[in-house]
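Trainee: Can you keep this structure in mind? I'll have questions shortly.
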Amino acid sequence: MGVLTDYFRAADDAAVLAALGDAEGGPLVGGGRAVFDGTEAKGVDPDVVLGQLIAVVRRVEWAVDLVGGTPVWPTTPPPGREGPADEDDPWVTGPWVMRLDRAVRDTLAELPAAEAAEAGARWAAATAEELPGLDGEDLRPLVEDLSGLARRAREAGEDLYCWLCP
């Protein structure tokens, strides 16, 4: 099974941290209801797969640091930990939440709806190894969802976040 990833928008890190306790199963299904406005994107990790989409939209070459982010959860590494991590250590077991750079949000927000199909096709070609068997038509709805989410986040003055769970 691949990594589960949800992309969502929130006012700030404090709002995300406050909701984490009630969001068993992720920010989109906490308590059986969506805690945040977002979209599921199984296997679309921020650094590689989302990074490929950002590269496609910006028309630049992909690089591992193209999608910048700040860890939000877990909040801090265990103090003075020596030796191997404990099996319950959230830094090892997840889930993890990161706030994406605003440049990523703005790149997705500025993608014209008319270009979603082309971006999906180019993204499918760029991620053939990471998302095998998917073509541009398969990815077009996700491109549209991520772009719409980014637009709503920007209009509300919010940030985009990614929740990852192994």
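Trainee: Determine the sum of side-chain charges near THR70: Lys and Arg each +1, Asp and Glu each -1, restricted to other residues whose C-beta is under 12 angstrom from that of THR70.
Mentor: Cβ neighbours under 12 Å give a net charge of -2.
Trainee: How do the peptides 9-19, 101-111 rank, highest first, by the average count of neighbouring beta carbon atoms within 10 Å per residue?
Mentor: In decreasing order of mean packing, 9-19, 101-111 become 101-111, 9-19.
Trainee: Next question, about the same structure. Quickly rank 45-56, 120-131, 151-162 as a protection proxy: mean count of other C-beta atoms within 10 Å, highest first.
Mentor: Those peptides, ordered most packed to least, come out 45-56, 151-162, 120-131.
Each reported figure results from applying straightforward, stated rules to the coordinates on display, with no laboratory input. As the structure is a prediction and not an experimental result, all values here were calculated from the model. Counting neighbours? That spans all protein chains shown, and the Cβs are built from the backbone with ideal geometry, glycine included.
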